[in-house]
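Encoded as structure tokens, the structure appears first; notes follow it.
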Amino acid sequence: MIPISKVELGEDEEKLVLEVLRSGRLTQGPMVEQLEQEFRAWSGCDHVVAVNNGTTALVAALQALDIGPGDEVVTSPFSFVATLNAILEAGATAVFADVTDDFTIDPASVAEQLTARTRAVLPVHLYGQAADLPALSTLAARRDLAVVEDAAQAHGAVVDGRRAGSYGVGCFSLYATKNITSGEGGLVSTNDPALADRLRLLRNQGMRARYQYEIPGHNYRMTELQAAVALPQVARLAERTERRRLHASLYSQRLADVPGLAVPREEPGRRHVWHQYTVRVTGDARLDRDGLAAALGAAGVGTGVYYPRLMHDYPSYTGHPQVRVSSTPRAAACAREVLSLPVHPWLTEAELDHVVTTVRTVLNA
Ligand SMILES: *Cc1c(COP(=O)(O)O)cnc(C)c1O
């Protein structure tokens with residue numbers, strides 16, 4: 001089976017993990033600080049704050065911006081549920097705008113959802129392509145809104161020469177399958193020193209110095225072991241992203257003419273980092289999305305559906321006082337049609353050939 005994602009860790013990670021184990025210091029310390037510095041240098045942001053996971057990164061960003069009960073946050077309904085859970089955890093109300101063909105939030109739809117209570121727009125850089133950050137930033141500036149970027153899938157994505165995560169508050173995940181991983185982990189990036197300071201306080205029980213509590217905080221700290229696993233991957237990210245980009249371009253060249261299959265597009269001015277390579281299976285295809293996934297699975301090709309339903313479309317959120325549902329037909333169509341093919345950096349040429357050939361065969365192309 002060709003897996004949809006793969007994790008390969010090497011000697012560099014082993015060496016740093018052993019260093020941590022032998023040091024006896026397991027909780028947030030010098031390794032975490034080094035990870036923050038490396039990611040900061042790499043991301044082009046002035047401040048990076050490491051936290052224990054990507055969901056926490058989003059919660060902490062909202063809390064640091066003082067967004068909570070009574071405040072509305074406009075986001076995409078076509079995301080992993082962590083995006084929604086983070087808004088609810090912060091106490092705010094989630095409001096949804098529709099997406100465009102690039103799978104990210106549509107600035108025009110965001111504009112329609114704004115009210116006097118709106119405090120932030122929370123774009124999700126889905127599959128590794130940033131949302132239209134220039135348009136969203138302009139809109140946010142005009143209405144005095146914060147931009148909180150769910151960059152969990154978009155380490156290294158660029159829009160108009162600036163990295164995703166540097167337009168607003170960037171929230172990255174280091175979960176097992178993400179483009180950089182520490183098993184669990186998160187990073188928050190910002191150019192605002194006061195916000196970075198608040199994030200550091202929130203992360204550590206609101207403590208400025210030991211037992212000097214400045215604000216009610218939490219324990220959002222990353223461990224030294226997590227940092228040791230992630231650190232070597234920052235330097236390798238560029239090379240691994242190039243592998244992803246190569247695989248994506250080969251897929252698009254070789255699958256673009258398949259009837260009923262819409263290959264994903266890199267938008268002008270945006271650098272896609274291909275966390276996922278996601279096609280749409282439309283009504284013209286010989287099989288529907290689930291049929292294609294099953295046929296590929298039977299032929300040894302692992303696929304993924306990210307995501308089969310809109311994130312609020314579950315009973316646990318129906319009638320939830322902090323969830324305001326609106327009509328988002330384009331997002332709903334995505335949930336019915338999307339299918340992701342293996343694009344990870346360790347995919348071999350033979351595996352890629354097999355994926356292409358199998359897709360073409362089962363769709364009679
Ligand atoms: C992975 C992910 C998150 C959450 O990150 P965790 O590290 O798993 O908490 C949030 N949003 C999106 C879009 C994700 O893919």
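The values are calculated or read from the model by the stated rules, or taken from the named source; none is laboratory data. Quantities reported herein were computed from a predicted structural model and do not represent experimental measurements. All Cβ positions, even for glycine, are placed from backbone atoms using ideal geometry, and neighbour counts span all protein chains on display. Heavy atoms of the whole protein, side chains included, go into the accessibility calculation; ligands, DNA and RNA do not. Shrake-Rupley method; radii C 1.70, N 1.55, O 1.52, S 1.80 Å.
Of note:
- For the chain, the relative contact order comes to 23 percent (Cα pairs under 8 Å, sequence separation of at least 6).
- Taking all protein chains into account, the per residue accessible area for the stretch 93-173 stands at 29 Å² (1.4 Å probe).
- For the chain, the Kirkwood radius over C-alpha pairs fed into Stokes-Einstein at 20 °C and 1.002 mPa s yields D = 102 µm² per second.
- Cα shape, the stretch 130-267, gyration tensor, a/c 1.5 rule: oblate
- Accessible area of the stretch 162-249 belonging to carbon and sulfur atoms, whole % at 1.4 Å probe: 52 percent
- Largest-first ordering by accessible area, 1.4 Å probe, given options T278, T177: T177, T278
- For trypsin sites (Lys or Arg not before Pro), the sites in the stretch 75-150 that DSSP calls loop and that have at most 15 other Cβ atoms within 10 Å are R117.
- All other residues whose Cβ lies under 12 angstrom from that of R240 are scored, Lys and Arg at +1 and Asp and Glu at -1, for a net of +3.
- Full extension of the chain between S249 and R286 gives 10.9 nm of extra length, using 0.36 nm per residue less the Cα-Cα distance.
- The mean sequence distance of close C-alpha pairs (under 8 Å, at least 6 residues apart), as a share of the length of the stretch 43-103, puts its relative contact order at 36 percent.
- Chymotrypsin sites (Phe, Trp or Tyr not before Pro) restricted to the stretch 185-285 and DSSP loop, no more than 13 other C-beta within 10 Å: Y211
- Of the residues I4, I105, the one with the largest accessible area comes first in the ranking I4, I105, computed with a 1.4 Å probe on protein heavy atoms.
- Full-stretch length increase - R309, K6 - with 0.36 nm per residue and alpha-carbon distance subtracted: 106.6 nm
- Amide N proximity, the stretch 272-293 versus T100 label position 7 Å along Cα-to-Cβ, cut-off under 15 Å: 272
- Accessible solvent surface per residue of the stretch 237-313, calculated while the other protein chains remain in place, 1.4 angstrom probe, Å²: 44 Å²
- Across the stretch 196-284, Cα-Cα pairs more than 23 Å apart make up 56 percent of the total.
- Share, in percent, of DSSP beta bridges within the chain that are antiparallel, nearest 5: 55 percent
- Global geometry of the stretch 174-242, whether rounded, prolate or oblate, following the gyration tensor of its Cα atoms and the 1.5 cut on a/c: prolate
- With the alpha-carbon atoms of the stretch 219-341 aligned to their principal axes, the span from lowest to highest coordinate is 50, 46, 36 Å, starting with the largest.
- Remark: the stretch 165-176, residue by residue, has Karplus-estimated 3J(HN,Hα) of x, 10, 7, x, 8, x, 10, 10, 10, 10, 4, 2 Hz, where x stands for each Gly or Pro and the curve is 6.51 cos²θ - 1.76 cosθ + 1.60 at θ = phi - 60°.
- Alpha carbon centroid spacing (whole Å) that separates the stretch 188-254 from the stretch 1-68: 5 Å
- For q = 0.10, 0.11, 0.22 Å⁻¹, Debye-computed log10 I/I(0) when each Cα of the stretch 1-145 counts as one equal scatterer: -0.47, -0.56, -1.38
- Per residue accessible area in Å² of the stretch 16-77, where ligands, DNA and RNA are left out and the probe is 1.4 Å: 40 Å²
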